[in-house]
Amino acid sequence: MNAPRATRSVFLRVLREARPYRWHIAGLLSLGLLAAPLGLLAAVPLKIAVDSVLGSYPLPRALATLLPEGTERVSAVALAAVAGLLVLIAVTVQALNFASALLRTYTGEKLVLAFRARLFRHSQRLSLAYHDTRGAADSAYRIQWDAPCVQWIIVDGLVPLVSAACTLALMFAVVVRLDWQLAIVAAAVCPLLFAITRHFRRRLRERSHEVKERDSSVLSLVQEVLAGLRVVKAFGQEDRESGRFVGRAQDGLRARLRLAVIESAFAALVALTFATGMGAVLFVGVRHVQAGTLTLGELLLIVTYLVQVYAPLETISKKVGDLQASLASAERAFAVLDEEPEVVERADARPLERATGAIEFAGVSFEYTKGRSVLDGISFLVPAGSRVGIAGTTGAGKTTLISLLTRLYDPIAGRIALDGTDLRDIRLADLRNQFAIVLQEPVLFSASISENIAYARPEATTEEIIAAAKAANIHDVIMQLPRGYDTQVGERGMQLSGGERQRVSLARAFLKDAPLLILDEPTSSVDVATESAILEALDRLMRGRTTFIIAHRLGTLEGCDVRLRLERGRLVRESTLQLEPQGAT
């Protein structure tokens, strides 16, 4: 796709994003269009003062009729009237600016909020593979810093452009009526401005893209280092990471300097073009005054109008330049929206209230990278209510198998069924609602203990939250905290110990009361005493539920009805129950 067509496509997509706020934008355009005649009136008092107060020309009829009879020739009265007219125009302009500023801010913020929310929702729908490849910081940067492009393009770009164009047309028409020769001289700069803008447009867009990529890279590094700060400190690598940060920041600095050079060159050429135009107008205009074809007041009026004509021209030129950075942001934001989720819900997917919990894997294979198999031909059958132990070395495919079960990914071959129904035929939200998950590293959010437990069921009552905490053997610990269930756990739950975080995670699983349970090494990182409390709670949690337990230690899998061992993506079967699905070949 060539550059003009790509620009047009991005611009049309931005307009579609702004469609819900079309009446707000229309209001902004209306206020902008009102500024054009007010801009014309702003110079009128100066002309009247020069020609009719200082000079001998009569007052304009509209102003003379407002003065008491016989006073229109009194210079003091006429001067006061002219001053009053100037103040009235200024008050009107400020009232218009005030209304425009409020509407601009409201419309711009609503546009950005809606677009950010859409980006955030879509980012959550994208596959884990996408985020693993791009990094969370890249998506965060696009949501936070690229999303405002809709405001920059529509509110700060399109509206001023349209208003400037209308102002330009109106003021140019007035100048033509006053002196068509001066109008032609003034208009001579337009082709040159067009050529300058066309020359710089692509370079500005490319440099803007480069700056944003550098900024995103710096943000990724900061997030990575702060997330792994314990490791950084443990290995004494603070200076090394600071050096990496400075290195990437300097790359960003150089990119910004390159952009600033192009922007400055563009602005300088535009300013010189306007200065040349004004110089030519002044030269011709003075000669016309000397020849008697113009009054001094008319020349001042024309010069004032031309300053105002050049102002919208400068606005148009500058906005076209600024627009390139905004379009670069828009391209980055739309690139996220153009990413298709790998796991898509079928149009005819079935609802599911509550599963019984029977699971069947039939010839399931999966690979993250084409040609590198992670799971190969996995087949087994798990009756409802069974406890399934999954063992294997690191990289054997244990976590991938569970990820397929919850449809974080779809297999490239084979079929996974829940109660005889292919997972792909079940509504995605309903499917995932059948699972409660307790991970090796529990995930808590920066909120209260109560809110973290209720994450499984936000509508849960206080009594239900407390009951879940008691079942997870964490209630007594919570009650010893200064604020009890209202205690803030901090970022990633770091205000709690590892065992406390794990039991809060267990309470969340109790509260969800799902028919299927996934336990990923739930006791591998806690001490013996804490492990005992967690195992007791786990035993209660697993009753009546189909449970998948991932473990490295075979002792953890004692008591499982089915034991699966994975090696290099293949299944080694050890079980007290039938492993092969009925009818499998």
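The values are calculated or read from the model by the stated rules, or taken from the named source; none is laboratory data. Keep in mind it's a predicted model, so treat the numbers as computed, not measured. Positions of Cβ are generated from backbone atoms using ideal geometry, with glycine treated the same way; all protein chains shown enter the neighbour counts.
State whether one or more residues within the range 374-382 are surrounded by fewer than 16 Cβ atoms within 10 Å (Cβ to Cβ), at negative phi, β-branched (Val, Ile, Thr) and out of contact with any helix residue (DSSP H, G or I) (no Cβ under 9 Å at 6 or more places or on another chain).
In the first step, residues of the range 374-382 are kept if they are surrounded by fewer than 16 Cβ atoms within 10 Å (Cβ to Cβ); the result is 377.
Remaining after also requiring at negative phi: none.
Taking every residue of the range 374-382 in turn, none turns out to be surrounded by fewer than 16 Cβ atoms within 10 Å (Cβ to Cβ), at negative phi, β-branched (Val, Ile, Thr) and out of contact with any helix residue (DSSP H, G or I) (no Cβ under 9 Å at 6 or more places or on another chain).
Can you name every residue in the range 289-344 that is at pLDDT below 80 and touching a Cys at 6+ places or on another chain (Cβ under 9 Å)?
Across the range 289-344, the qualifying residues are PRO312, LEU313, ALA325.
A quick yes/no check of all residues on (1) buried (at least 22 other Cβ atoms within 10 Å of the Cβ); (2) touching a residue at least 24 places away in the same chain (Cβ under 8 Å); (3) over 30 Å from THR393 (Cβ atoms):
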{"site": "ASP430", "(1), (2), (3)": "no, yes, yes"}
{"site": "ASN433", "(1), (2), (3)": "no, yes, yes"}
{"site": "LEU439", "(1), (2), (3)": "no, yes, no"}
{"site": "ILE453", "(1), (2), (3)": "yes, yes, yes"}
{"site": "GLY499", "(1), (2), (3)": "no, yes, no"}
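Being without any contact (Cβ under 8 Å) to a residue 60 or more places away in the chain, surrounded by 15 or more Cβ atoms within 10 Å (Cβ to Cβ), farther than 30 Å from LEU46 by Cα and of a type outside the set (A, V, I, L, M, F, W, C) narrows it down to one of ARG207, ARG198, ARG240, ARG254, so name that one. Break it down stepwise before answering.
Details: ARG198 fails: surrounded by 15 or more Cβ atoms within 10 Å (Cβ to Cβ); ARG240 fails: surrounded by 15 or more Cβ atoms within 10 Å (Cβ to Cβ); ARG254 fails: surrounded by 15 or more Cβ atoms within 10 Å (Cβ to Cβ).
Answer to the selection: ARG207.
Residues are listed down the side, and each one gets a yes or a no for (1) within 23 Å of ASP146 (Cβ to Cβ); (2) at pLDDT below 75; (3) part of a helix (DSSP H, G or I); (4) in the same structural domain as LEU323 (by TED's automatic domain parsing):
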| position | (1), (2), (3), (4) |
| --- | --- |
| HIS199 | no, no, yes, yes |
| ARG205 | yes, no, yes, yes |
| GLU210 | yes, no, yes, yes |
| SER217 | yes, no, yes, yes |
| VAL222 | yes, no, yes, yes |
| ARG230 | no, yes, yes, yes |
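Here's a check for you: in the range 452-469, which residue that is farther than 17 Å from ALA436 by Cβ and in a helix (DSSP H, G or I) is nearest to the chain's Cα centre (by Cα)?
At the first step, the residues of the range 452-469 found to be farther than 17 Å from ALA436 by Cβ are 461-463, 466.
Subsequent filtering for residues that are in a helix (DSSP H, G or I) retains 462-463, 466.
Working: THR462: 35, GLU463: 38, ILE466: 37 Å.
Ranking the candidates gives THR462 first.
Can you confirm whether the range 200-207 contains a residue that is under 23 Å from ALA271 (Cα atoms) and aliphatic (A, V, I, L, M)?
For the range 200-207, residues under 23 Å from ALA271 (Cα atoms) and aliphatic (A, V, I, L, M): present.
Here is a yes/no grid of residues against (1) aliphatic (A, V, I, L, M); (2) at pLDDT 85 or above; (3) under 25 Å from ASP430 (Cα atoms); (4) surrounded by 15 or more Cβ atoms within 10 Å (Cβ to Cβ):
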{"site": "ALA456", "(1), (2), (3), (4)": "yes, no, yes, yes"}
{"site": "ILE465", "(1), (2), (3), (4)": "yes, yes, yes, yes"}
{"site": "ILE474", "(1), (2), (3), (4)": "yes, yes, no, yes"}
{"site": "MET479", "(1), (2), (3), (4)": "yes, yes, no, no"}
{"site": "GLU491", "(1), (2), (3), (4)": "no, no, no, no"}
{"site": "ARG508", "(1), (2), (3), (4)": "no, yes, yes, yes"}
{"site": "LEU511", "(1), (2), (3), (4)": "yes, yes, yes, yes"}
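Keeping to the range 145-172, report how many residues are assigned to a helix (DSSP H, G or I) and touching a Gly at 6+ places or on another chain (Cβ under 9 Å). Break it down into steps so the answer makes sense when it comes.
Kept after step one, since they are assigned to a helix (DSSP H, G or I), are these residues of the range 145-172: 145-146, 149-172.
Next, only the ones that are touching a Gly at 6+ places or on another chain (Cβ under 9 Å) stay: 150-152, 154-156, 159-160, 162-164, 166-167, 170-171.
Number satisfying all stated conditions: 15.
So, THR394, is that one outside any loop (DSSP other than H, G, I, E, B) and either closer than 28 Å to ARG543 by Cβ or not aromatic (Phe, Trp, Tyr) (or both) or not? Steps first, answer last, please.
Values: outside any loop (DSSP other than H, G, I, E, B): no; either closer than 28 Å to ARG543 by Cβ or not aromatic (Phe, Trp, Tyr) (or both): yes.
Here the answer is no, as THR394 does not meet what is asked.
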